[in-house]
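What follows is a single structure, written as structure tokens, with notes after it.
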Amino acid sequence: MPTTNIFATILSRTHAAVAALAAEGSVPAGLDTSRVVVEPPRDPAHGDMATNAAMVLAKDARMKPRELAEAIAAELAKDALIAKVEVAGPGFINLTLRPTAWTDALRAVLEAGTDYGKSDIGRAEPVNVEYVSANPTGPMHVGHGRGAVFGDALANLLSHAGFAVTREYYINDAGAQVDVLARSAYLRYREALGEEIGTIPEGLYPGDYLKAVGAALAAEHGAALNQMPEERWLPIVRDKAVAMMMEEIRGDLAALGVQHDVFFSERSLISGGPGATTAGPSATSTGPRDIVAQTIADLRAKGVIYQGRLPPPKGAPVEDWEDREQTLFRATEFGDDVDRPLMKSDGSYTYFAADIAYHKAKFDRGFKTMIDVWGADHGGYVKRMQAAVKAISGGVADLDVKIVQLVRLLRAGEPVKMSKRAGDFVTLREVVDEVGRDAVRFDMLFRKNDAVLDFDLAKVIEQSRDNPVFYVQYAHARAQSVFRNARAVLPELPLDARARAAMLANAPMETLVEPAEVALMRQLALYPRVVESAALAHEPHRIAFYLFDLASEFHALWTRGKDLPHLRFIIQNDAGLTMTRLSLIQGVALVLASGLNLLGVEAPEEMR
């Protein structure tokens, strides 16, 4: 069940105040209130909330902002939920709510449990989130891991906000890189047969991870592949290598707690095999045999494909540019800088052509909202892909590309570069095995996706405030320890969190009047707004930031109780006050658990 967002409630009442003014003729009817927002003020001293209503409506209302603000403020002052209204500066309206707003929010947390913060703003709209999509040419590295964590947390967040999310992995199993993989695996196959292969030739993948593929090929085919010409053994070896690499990638993702609903094969766009394959055994055919050709034909029928020549790229050496007539997509008609080729000189498709066909397949499956999570080296590819999605959908679909920046792997401040297994990079599995899933996930989300991340293997396992995952998890574990200790005063306190929350929802919360207690309740009331805004902005790091702030306020209140006995959570001779304060702690614990769950991080009962 959706949770009431107190900010949305006050926004609705602000709209009602404007409508009331229109009804009495003080302002014109039909004012566009879509740009009106209600948000926390920059300075808490200004109140609980602030609205820009007068600032954005004044021009259409043909009034001075301050004058309009006074009129709206007078209407809002009639609201029983609002204790004080003040007009500030040129026309901002600051609002202070009555204490019952915060106790009601706390009670809502206890009644909803970890479902608190759920929203229906998504209205079950289908959303496709494609993430990871690493080439199946080797084990995943830490950079892949950041994209995996980001995409997975974003999918969780969108689901919590009421969207119908499909999590997708695009298998790049076509093109030159998988042929290089096949030749590298074939070399390891010969090695498995006892042949001395020497140094791995330049241009092939040197990692030891392909030894297992070579051994599997030797066990399955014996020496038969050695008797075949390359055109016969290459597809056999390629299919086996891709299958084994994808099995390893799935294992790496599972170790990180990342799941996908669909694995879509790039090769199927041309070969016509199973394309969108669910995580289980079933698969569905994507339709025509050559989907790329069909997509190009569809775009040609729309008049956005033509035969022409491109000017030489700026700054590129002349020998790298081919002056010839090409099949071009009119990308500039849809916001790109230049038109883009779809066919290579040898008649094969460009990567872009396949990517257009893939996104058309998404659109044909019913997705008007698509989110792609890409690595830092794909930033220059965004505009052309967004142009393509506009073209294939007639402007109906939207593509949001989230670029995940580089990860610099450190150990106590020093760079870590080499892997025992991969040779030239540290694998994701090695990092997860060393520091744990929770540390990897939280630390990678405790930074905006488009900022470079320094991931220090030593710091992410420190037990200190400087380590955000420890600090937030410790807050949840500390809350659980309070419940265990409280049974000395309240022996009837249930061990089960849901039963305990139901009991504590009946506590007299109006006695929570200490400023730090009120601040915590206000922070809990903020959570549904954070979930909605993070989901709409596609920014899961907002949840991690919020959890850190909530944990900070909780730890600070606990510390004050150590110094001031009357502020302690457990009062030995006052079961009623103890129960009331436990209701606040239960609210904090439930929201911490909810937020950590969105990030895919455990909410521990205790930490040692």
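Quick one: count up the residues across segment 556-573 that are over 16 Å from Leu520 (Cα atoms) and either exposed (fewer than 13 other Cβ atoms within 10 Å of the Cβ) or within 40 Å of the chain's Cα centre (by Cα) (or both).
Step one: filter segment 556-573 for residues over 16 Å from Leu520 (Cα atoms), giving 562-566, 570-573.
Remaining after also requiring either exposed (fewer than 13 other Cβ atoms within 10 Å of the Cβ) or within 40 Å of the chain's Cα centre (by Cα) (or both): 562-566, 570, 572-573.
Counting residues in segment 556-573 that are over 16 Å from Leu520 (Cα atoms) and either exposed (fewer than 13 other Cβ atoms within 10 Å of the Cβ) or within 40 Å of the chain's Cα centre (by Cα) (or both) gives 8.
Quick check: is even one residue across segment 122-130 under 37 Å from the mean Cα position of the chain (by Cα) and either under 30 Å from Gly207 (Cα atoms) or at pLDDT below 95 (or both)? Outline the logic, then answer.
As a first pass, look at segment 122-130 and keep what is under 37 Å from the mean Cα position of the chain (by Cα): 122-130.
Cutting the leftovers down to either under 30 Å from Gly207 (Cα atoms) or at pLDDT below 95 (or both) gives us 130.
Yes, there is a match, as at least one residue in segment 122-130 is under 37 Å from the mean Cα position of the chain (by Cα) and either under 30 Å from Gly207 (Cα atoms) or at pLDDT below 95 (or both).
Among the residues in segment 385-392, are any buried (at least 16 other Cβ atoms within 10 Å of the Cβ), over 24 Å from the mean Cα position of the chain (by Cα), closer than 30 Å to Lys302 by Cβ and in contact (Cβ under 8 Å) with a residue 40 or more places away in the chain? Write out each step before concluding.
In the first step, residues of segment 385-392 are kept if they are buried (at least 16 other Cβ atoms within 10 Å of the Cβ); the result is 385-392.
The next check asks that each one be over 24 Å from the mean Cα position of the chain (by Cα); those that pass are 391-392.
Then keep just the ones that are closer than 30 Å to Lys302 by Cβ; that gives 391-392.
If we keep only those that are in contact (Cβ under 8 Å) with a residue 40 or more places away in the chain too, we end up with 391-392.
Within segment 385-392 (the criterion being buried (at least 16 other Cβ atoms within 10 Å of the Cβ), over 24 Å from the mean Cα position of the chain (by Cα), closer than 30 Å to Lys302 by Cβ and in contact (Cβ under 8 Å) with a residue 40 or more places away in the chain), the answer is yes, since at least one residue qualifies.
Going through segment 440-491 one residue at a time, which ones are polar (S, T, N, Q) and within 16 Å of Arg608 (Cα to Cα)? So that I can check it myself, show each step before the final result.
So in segment 440-491, the residues polar (S, T, N, Q) come out as 449, 463-464, 467, 473, 480-481, 485.
Gln463, Ser464, Asn467, Gln473, Gln480, Ser481 - these are the residues of segment 440-491 that are polar (S, T, N, Q) and within 16 Å of Arg608 (Cα to Cα).
If I ask for residues that are over 20 Å from Gln463 (Cβ atoms), over 13 Å from the mean Cα position of the chain (by Cα) and part of a loop (DSSP other than H, G, I, E, B), which ones from segment 426-450 would you list?
Val426, the sole residue that qualifies.
Can you run down the residue pairs with Cβ atoms below 8 Å, 6 or more apart or on separate chains, where the first is in segment 475-495 and in the same structural domain as Arg581 (by TED's automatic domain parsing) and over 16 Å from Met607 (Cβ atoms) and the partner is among the β-branched types (Val, Ile, Thr) and assigned to a loop (DSSP other than H, G, I, E, B)?
Ala486/Ile570; Ala488/Ile570; Val489/Ile570; Val489/Ile571
Go through segment 116-152 and give me each residue that's aliphatic (A, V, I, L, M) and either assigned to a loop (DSSP other than H, G, I, E, B) or within 16 Å of Asp400 (Cα to Cα) (or both). Quick ask: steps written out before the conclusion?
First, pick out the residues of segment 116-152 that are aliphatic (A, V, I, L, M): 121, 124, 127, 129, 132, 134, 140, 142, 148-149.
Listed by number, the residues that qualify are Ile121, Ala124, Val127, Val129, Val132, Ala134, Met140.
Among the listed residues Ala69, Ala74, Ala61, Ala45, identify the single one that is hydrophobic (A, V, I, L, M, F, W, C) and at pLDDT below 95.
Details: Ala69 fails: at pLDDT below 95; Ala74 fails: at pLDDT below 95; Ala61 fails: at pLDDT below 95.
Only one candidate qualifies: Ala45.
Among what's in segment 290-305 and is in contact (Cβ under 8 Å) with a residue 40 or more places away in the chain and surrounded by 14 or more Cβ atoms within 10 Å (Cβ to Cβ), pick the residue that is farthest from Ser268 (Cα to Cα). Full working, then the answer.
Residues of segment 290-305 in contact (Cβ under 8 Å) with a residue 40 or more places away in the chain: 291-292, 294-296, 298-299, 302, 304.
Keeping just the survivors that are surrounded by 14 or more Cβ atoms within 10 Å (Cβ to Cβ) gives 291-292, 294-296, 298-299, 304.
Working: Ile291: 8, Val292: 10, Gln294: 13, Thr295: 14, Ile296: 16, Asp298: 18, Leu299: 20, Val304: 24 Å.
Applying the filter and picking the extreme gives Val304.
The rows are residues; the columns are (1) within 34 Å of the chain's Cα centre (by Cα); (2) on the phi < 0 side of the Ramachandran plot; (3) of a type in the set (Lys, Arg).
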| site | (1), (2), (3) |
| --- | --- |
| Ile6 | yes, yes, no |
| Leu11 | yes, yes, no |
| Ala20 | no, yes, no |
| Gly30 | no, no, no |
| Pro40 | yes, yes, no |
| Pro44 | yes, yes, no |
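Restricting attention to segment 233-248, which residues are over 30 Å from the mean Cα position of the chain (by Cα) and either basic (Lys, Arg) or under 12 Å from Ile171 (Cα atoms) (or both)?
The answer is Arg238, Lys240.
Take Ala182 and tell me if it is without any contact (Cβ under 8 Å) to a residue 60 or more places away in the chain, of a type in the set (Gly, Ala, Ser) and surrounded by fewer than 20 Cβ atoms within 10 Å (Cβ to Cβ). Before the answer, list the steps.
Details: without any contact (Cβ under 8 Å) to a residue 60 or more places away in the chain: yes; of a type in the set (Gly, Ala, Ser): yes; surrounded by fewer than 20 Cβ atoms within 10 Å (Cβ to Cβ): no.
No: the conditions fail for Ala182.
Say whether the condition of being closer than 19 Å to Gly138 by Cβ, surrounded by fewer than 16 Cβ atoms within 10 Å (Cβ to Cβ) and among the charged types (D, E, K, R) is met by at least one residue in segment 227-240.
From segment 227-240, those closer than 19 Å to Gly138 by Cβ are 234, 237-240; that's our starting set.
Filter again for surrounded by fewer than 16 Cβ atoms within 10 Å (Cβ to Cβ), leaving 239.
With the extra rule that they be among the charged types (D, E, K, R), the set shrinks to 239.
Yes, because at least one residue in segment 227-240 is closer than 19 Å to Gly138 by Cβ, surrounded by fewer than 16 Cβ atoms within 10 Å (Cβ to Cβ) and among the charged types (D, E, K, R).
Looking only at segment 95-134, how many residues end up being out of contact with any Asp or Glu (no Cβ under 6 Å at 6 or more places or on another chain), closer than 30 Å to Val237 by Cβ and either of a type outside the set (S, T, N, Q) or surrounded by fewer than 18 Cβ atoms within 10 Å (Cβ to Cβ) (or both)?
Number of matching residues: 3.
Which of the residues belonging to segment 479-497 are of a type outside the set (Phe, Trp, Tyr) and either buried (at least 17 other Cβ atoms within 10 Å of the Cβ) or not in a loop (DSSP other than H, G, I, E, B) (or both)? If you could, list the steps in order and put the result at the bottom.
The initial filter retains those residues of segment 479-497 that are of a type outside the set (Phe, Trp, Tyr), namely 479-482, 484-497.
Of everything in segment 479-497, those that are of a type outside the set (Phe, Trp, Tyr) and either buried (at least 17 other Cβ atoms within 10 Å of the Cβ) or not in a loop (DSSP other than H, G, I, E, B) (or both) turn out to be Ala479, Gln480, Ser481, Val482, Arg484, Asn485, Ala486, Val489, Leu490, Leu493, Ala497.
The values are calculated or read from the model by the stated rules, or taken from the named source; none is laboratory data. These numbers were taken from a predicted model, which means no experiment stands behind them. All Cβ positions, glycine included, derive from the backbone under ideal geometry; neighbour counts span all protein chains shown.
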